[in-house]
Structures are given as structure tokens and as C-alpha cells.
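Below you'll find the structure, written out as C-alpha cells, and then a few comments.
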Amino acid sequence: MNMITTPILILFFLILLLSTVFIVKQQSAAIIERFGKFSSVRGPGIQFKIPFVDRISGRLSLKILQLDVVVETKTSDDVFVKLKVSVQYRVVEEKVFDAFYKLDYPQDQITSYVFDLIRSQVPKMKLDDVFSKQDDIAVAVKESLGAAMQEYGYFIVKALVTDIEPDAEVKIAMNRINAADREKTAAQYEGDAARILIVEKAKAEAESKRLQGQGIADQRREIAKGIEDSVGTLGAVGINSQEASALIVVTQHYDTLQSIGQETNSNLILLPNSPQAGSTMLNDMVAAFTASSKIGEAMQEQNKSDSDTSPPSTGKSSIVDEIIDDLEAGEEEQE
């Protein structure tokens, strides 16, 4: 008899011990009921209960949990959009009783509140405002949901709008609009760059022309000084001004022919190249200047004589003819 009852008694005490002692994990809580009525909330560590009288009704995690809710709604500009809202929540340690007994399915309750809030706020906004004000939406979700869930022993840590996905066709249109705006901006920048380039090029050309004109003016001034010095030098050795001018003209004539011959791509230019060409040109110029001077003097004398005497004048043409005859006679004598 003792051989049978001893193992039974040992087994009974083991079962009694196991039903008396239990362990609660860290960041969790155990709800103890006695005869179906709430008795106590046990925290982490080793705990004891009355066997066959107390029982563990449930356990709640005190960690921060996350629930992702996807809501599809329509904006004020009639664009369907899907919002993904991530809600982070936890059970308030002092309100484990409320969290366990007042709310059976907290995730469903949170989902319902999120749906209600999003579908009441987003339809008042345009699509662009939904993107730019997603933080405001998240704050509104946290405040509204926090006030509602606090009654049931839950604390809303944070609410985040983690994704906004419009309809596929709307996304394509938005990308096209964005690309067009960027192309417009790029075209404006390119136009500004081209305008600046044209302006700077025009300024450079203007400065180049100014410097070129200044160079030509300086060149002619120096040439005139050189001719003046050359005439003075030749006059010092007994050469008169007419001979000196003829020598300078002939020298410049042959210098011009030499410079034309050095250019490989120059066009054909026909110029008199005989030794008498320079002298002939000079003589023609001197004769023209002399004739003009004599005509002017004769006309002044004629006008003066007409004013002194009343007889009619012989006319301007006769005076010019006489001066021309005198010049021709002088040239024949020189020859």
C-alpha cells in the first residue's frame, strides 16, 4: 500500500507546486482571477497563486507595439490616394485592468479610429497639400487617437504617415508635370546663359573696335609724324618739299606692292608700277592744288575789281581758262 500511495502523493505535490508558482516575463503583466473575478495584476518575476482557486486569465505586453493601417480615400480635387499610417502604442502599466477588460480587440479599435480620422481630414485637402502636410495629418491622428484610447488604458506613442500613393495614372501625370517644370527651368537658365554670352560678346566686340580705332588713329598719327620728319630731313640736305614728297610717295608705293606680294590669300589688285607712277601722281596732285589756289585768288581779285569799277566783268570762265593755259605752258617748259 505504501509503495502505491507514495508516488501518488509525490505527483500530487508536484502538480500542486506547479499550479501555485508561475513566472511573469519582463515588460509584461499577468491578470489573476479568483473564481472568475479579477483578483490582481502581477508584474515580472516569480509569482504565487492559490491552486485551483486562482487562475491566470491573460497576459499583456507592456512593450511598444506598432500597427500599420492602409487607408484609401479621395482628395478635394477628386484624386484617389492610399495612405499608410503607422501607429505606435503601448499599454499603460497603471491601467492594465482597463486595457484587458474594457477593450477586447485593441488593434481593430485603433484601425477604426484611423480610418475615421483620415477619411474626415484628407477629403478637405488637395493632393499637393496631402504631401506637404503629412506631418499635420500624423499629429491629428496622434491627438485624436490618443484621447480616444486613453480611456481603454492605451497610450499612443506616435503616429506616422509613412507612405502616400496616388493612383498610377495620377503618378504618371505628376511625373510629367514635374519633368515639364524642370525642362522649363532648364530652358530659362539656358536662355539667360545665351543672353549673357551675347551681351558679353557684343561688349568684347565693342571694346575691340574701340581699341582698333584707337590703334588706327595712333598709326596714322605716327605716320604723319614720320612723313613730317622725313620731309624735314630731306629739306636739310637741300631737297625741296616737292621732290621730298615725290620720294616719299614712291617709297610708300613700292612698300605697298611688297606687302601685297607677301600675302598668300590676297586678291588681285592692279596698280601703276612704273618708276614715274609716284611722281606722276604727285605732280597731278600738286597741279590740282595749285590750280585751285590760283582760281580762288583770281576770283577774289575779280570780285574786288568789279566792286571798285562799274564796267561789266569778263566772267569767271575766262579767268579759269587763262589760269589753266598758264599751268599748261609751265608744264611744257618743265618738260
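Of the residues making up the range 1-45, those that are touching a helix residue (DSSP H, G or I) at 6+ places or on another chain (Cβ under 7 Å) and surrounded by 14 or more Cβ atoms within 10 Å (Cβ to Cβ) are ALA29, ILE31, VAL41. Each residue in the range 83-102 was checked for being farther than 16 Å from ALA159 by Cα and either open to solvent by 20 Å² or more (accessible area, probe 1.4 Å) or out of contact with any Phe, Trp or Tyr (no Cβ under 7 Å at 6 or more places or on another chain) (or both), and 10 of them qualify. So is LYS25 among the charged types (D, E, K, R), under 29 Å from SER86 (Cα atoms) and out of contact with any His (no Cβ under 6 Å at 6 or more places or on another chain) or not? Yes: the conditions hold for LYS25. Restricting the range 46-82 to residues that are in a loop (DSSP other than H, G, I, E, B) and at pLDDT 90 or above leaves a set whose member that is least open to solvent (accessible area, probe 1.4 Å) is LEU62.
The set of residues in the range 151-174 that are at pLDDT below 90 and open to solvent by 80 Å² or more (accessible area, probe 1.4 Å) comprises GLU151, GLU165, GLU169, LYS171, ILE172.
The values are calculated or read from the model by the stated rules, or taken from the named source; none is laboratory data. Because the structure is predicted, anything quoted here is derived from the model rather than measured. Cβ: placed from backbone, ideal geometry, glycine included. Neighbour counts: every protein chain shown. These accessible areas exclude ligands, DNA and RNA; they are computed on the full protein's heavy atoms, side chains included. Shrake-Rupley method; radii C 1.70, N 1.55, O 1.52, S 1.80 Å.
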